[in-house]
Structure formats: C-alpha cells, structure tokens
1. Quick one: what pairs do we get from region 4-19, first residue closer than 13 Å to HIS94 by Cα, second near the ligand (Cβ under 7 Å from one of its atoms) and part of a loop (DSSP other than H, G, I, E, B), C-beta under 7 Å, 6+ apart or different chains?
2. Is it the case, given these coordinates, that ARG25 is more than 29 Å from LYS2 (Cβ to Cβ) and not β-branched (Val, Ile, Thr)?
3. I'm trying to understand the selection: among the residues of region 68-126, which are under 9 Å from the mean Cα position of the chain (by Cα) and over 27 Å from LYS9 (Cβ atoms)?
4. Hey, could you check region 1-45 for residues that are aliphatic (A, V, I, L, M), assigned to a helix (DSSP H, G or I) and exposed (fewer than 13 other Cβ atoms within 10 Å of the Cβ) and say which is farthest from the ligand (Cβ to nearest atom)?
5. Do we find that ILE91 is over 24 Å from LYS125 (Cα atoms), away from the ligand (no atom under 16 Å from the Cβ), β-branched (Val, Ile, Thr) and assigned to a helix (DSSP H, G or I) in this structure?
Amino acid sequence: MKKCDYCAKEISYFDQYCCEECERRTILYYRRSERFSRLFTIVNTICVFGIPVGLFLASFAPAVGVTIAALSCTILGAMLILLPFPTEGMIRKHKLQKAIKMSRIFGGAVIGLGVLIVGMLFLLKR
Ligand SMILES: [Zn+2]
C-alpha cells in the first residue's frame, strides 16, 4: 500500500498525498529547508564540534569548557526545534510529519543534555 508523503496515511497508488493540506505542508517544508539549509549546516557543524571540545576543555578550565558545551547544546537544540530538518533517510522511513516531530524531540533532548552538563558543573564545584 502506498502512503502519503507527509502524514503516512494509506492512499491509492495514483496519489502522492492524502489531502491538499499535506501537499501544502510538504511544499512549505521543502521551501523552508532550502532557504535555511546553509544556516542549518553551519550552526549544526559548529555545535556538534563545540560539545566535545567544551567537554574536553572542561578538564582544564571547567567554567569555560562547560559554558562552551552547554551553549552548543542549547543553540543546537533550539535550532532543531525551530528548524526541524530531518535527514533524507528519516524522511523516507517515517514520512515527513513524523520525521519533523522526531527532530524536534531530539532537539529537546539536546537542550536537556545542556542542562545536565551545567548541573554536573554545579555538583562538581561543591
Ligand atoms: Zn496526508
């Protein structure tokens, strides 16, 4: 059975989407991802690099290292919530709507990780 490219609802073989709304949202998504893809890649690269670098620095300079790591987590997480661009593989496997939701949840988890890192610093300081 074929599924709607956006919401994964079962549809007839001749359609691509189950309704106009799904088609509209898909077009909107790809327009947005095209417009912001460069910003997304740059922020993504810096933050994914910043988390381990920050954690590494934390062993010499805890305050600086933790700040870099926590800031990287917060920025990356916030961006994943605002600009949830899942990978092609995720979209193919889960269809767009679910893949976007998963990206947002992952963004929330990354922010949670940032909070955890800051919390650890406070625990270590005591
Ligand atoms: Zn649909």
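1. So the pair list comes out as CYS4/TYR17; CYS4/CYS18; ASP5/TYR17; TYR6/TYR17; CYS7/CYS18; LYS9/CYS18.
2. Answer is no for this residue.
3. If the condition is that a residue be under 9 Å from the mean Cα position of the chain (by Cα) and over 27 Å from LYS9 (Cβ atoms), then LEU76, GLY77, ALA78, MET79, VAL110 are the ones that fit.
4. The first filter runs over region 1-45 and keeps only residues aliphatic (A, V, I, L, M), leaving 1, 8, 11, 27-28, 39, 42-43.
Filter once more, keeping what is assigned to a helix (DSSP H, G or I): 27-28, 39, 42-43.
From what is left, the residues that are exposed (fewer than 13 other Cβ atoms within 10 Å of the Cβ) are 27-28, 39, 42.
Working: ILE27: 13, LEU28: 14, LEU39: 28, ILE42: 32 Å.
Ranking the candidates gives ILE42 first.
5. No: the conditions fail for ILE91.
Each value in this text was obtained by applying a stated rule to the coordinates, not by laboratory testing. Because the structure is a prediction, the values reported are computed rather than measured. When we count neighbours, we look across all protein chains shown, and the Cβ atoms used for this are built from the backbone with ideal geometry, even at glycine.
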